[in-house]
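Below: the structure, in structure tokens.
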Amino acid sequence: MHKIGIDLGGTKIEGILVDEKYNIIERKRIETRPENGYDSIVKSITFLINELRAKTNEETSVGICTPGFTDTNSGLIKNSNTKCLLGMPLKNDIEKILKHEIVMENDANCFAMAESLLGAAKEYGVVFGVIMGTGVGGGIVINGTLHKGSTNIAGEWGHHTLRPDGNECYCGKQGCVETYISGPALEKRWLELTGKKEPLQSIVQDLSDEKAKQWKKEFLENFGIGLANVIDILDPDIIVLGGGVSNIPFLYDEAKKAVHDRVLGNFTETPILKNSLGDSAGVFGACLLNR
Ligand SMILES: [Zn+2]
């Protein structure tokens, strides 16, 4: 059986058709405009699936990677930073149009699956996959199987409380990890400290002055506490980082040390590696949902 994997992002929908060995037969992407609303997203996804399916004579499975997760009881999308998906029965609506079942998972779970089975964490048993981009998410894979938890929220460390009276989060809580170490949160803090509006990649070019040092110190502390909490509970064999923020070089030395320094007992040195699949983790992860 061939597999179709769809990655629904904020500005694009990407899809691949792969064979049994995950070789790409066809790859397509279309632009999306979340402001055009939910129906246009559903239409674009089903259009893309049909286009890919037309490229093979074999039977195909379909997996979709989404921002936010699907509530196991109601089937509705929750906690998505693509706002028009919130509270919508996306899986059901796509299945109605396609007339067969599909599998759907949040982007962090797809990332963790892809890096575990095809990427940087291939040799490891218990993998914690982290996405630090527009939002912060995580997924747990144990010996090749996704650990979703009883209500599908396992791994959602982006909404752990770092500071009880801290920043407001769209999820309704305060002080979530995501409100400190997502790309937009880091850029916002930089603006507060320096008065300068700069993208993350230019911020990290020069961190020598006092305000920059303060920014980095806070970042290291928040990253350190956030991931040390995860290690204390899961004690994974490896942590793999993805998303735009994962391109910062100091995450793999100074920030890694900031994590290890805060783990119980001070002897655990969980490897923290950069992803190897880049932007393709979403589509491959979506394919891997049907194994
Ligand atoms: Zn939150």
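Rule-based calculations on the coordinates, nothing more; no lab input. Since the structure is predicted, the reported quantities are computational estimates derived from the model, not experimental observations. So basically every Cβ, Gly included, is an ideal-geometry build from the backbone, and we count neighbours across all protein chains shown.
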Calculate, in nm to one decimal, what T145 and K211 gain on full extension: separation in residues at 0.36 nm each, minus their alpha carbon distance.
-> 19.4 nm
Over 17 Å [Cα-Cα, the stretch 123-242], rounded percent = 59
Counting DSSP beta bridges with both ends in the chain, the antiparallel % (nearest 5) | 60
What is the Cα centroid distance between the stretch 176-194 and the stretch 223-291, reported in whole angstrom?
-> 19
Of K173/K274; K196/K217; K43/K173; K188/K213, which pairs sit farther than 22 Å apart, going by alpha carbon to alpha carbon?
-> K173/K274; K43/K173
So, with points 7 Å from each Cα along the Cβ direction, the T11-R33 label distance in nm works out to 1.5
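Nearest 500 deg cm²/dmol is fine: what mean residue ellipticity at 222 nm does the chain get from its DSSP H runs of n ≥ 4 alone, each adding -39,500 (n - 2.57), divided by its residue count? List each step's numbers first, then the result.
Details: 9 runs with 97 residues, N = 291.
After summing the helix terms and dividing by the residues of the chain, the value is -10000 deg cm²/dmol.
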Rg to Rh quotient for the stretch 1-52, alpha carbon positions, Kirkwood Rh | 1.02
Could you go through the stretch 224-235 in sequence order and give the Karplus-derived ³J(HN,Hα) for each residue, using 6.51 cos²θ - 1.76 cosθ + 1.60 with θ = phi - 60°, rounded to whole Hz, and x for Gly and Pro?
-> x, 5, x, 7, 5, 4, 5, 5, 4, 8, 9, 6
Taking the Cα-to-Cβ direction at N290 and at D165 and moving 7 Å from each Cα, how far apart do the two end points lie in nm?
-> 5.2
Aspartates and glutamates with Cα under 14 Å of K96, excluding same-chain neighbours fewer than 8 positions away | D39
Pair L193, E254: separation of 7 Å Cα→Cβ label points (nm) | 0.9
Rg (Å, one decimal) plus Dmax (Å, integer) for the alpha carbons of the stretch 94-167?
-> 14.5, 47
Rank the residues I64, I25, I203 as a footprinting-exposure proxy: fewest other Cβ atoms within 10 Å of their Cβ go first.
-> I25, I203, I64
Residue-span extension gain [T72 to I233] - 0.36 nm each, minus C-alpha spacing = 55.6 nm
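Subtracting the Cα-Cα distance from 0.36 nm times the residue separation, let me have the gained length for D279 to F267 in nm, one decimal.
Details: separation 12, 0.36 × 12 = 4.32 nm, distance 3.34 nm.
That pair, D279 and F267, stretches by 1.0 nm at full extension.
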Across 5 Å bins beginning at 0, the whole-percent shares of Cα-Cα pair distances in the chain come to 1, 6, 12, 16, 18, 17, 13, 9, 5, 3, 1, 0, 0
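Which peptide among 118-131, 139-152, 258-271 comes first, and what is the full order, when sorted by highest mean count of other Cβ atoms within 10 Å? Write down the numbers at each step before the final one.
On the way: 118-131: 22.0, 139-152: 16.6, 258-271: 14.5.
The packing order, highest mean first, is 118-131, 139-152, 258-271.
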So what are the ³J(HN,Hα) numbers for the stretch 112-125, from phi and the Karplus equation (6.51, -1.76, 1.60; θ = phi - 60°), rounded to whole Hz, Gly and Pro as x?
-> 4, 5, 5, 5, 5, 9, 10, x, 5, 9, 3, 8, 10, x
Counting other Cβ atoms within 10 Å, keep those with at most 10, restrict to DSSP loop, and tell me which GluC sites (Glu not before Pro) in the stretch 18-55 are left.
-> E20
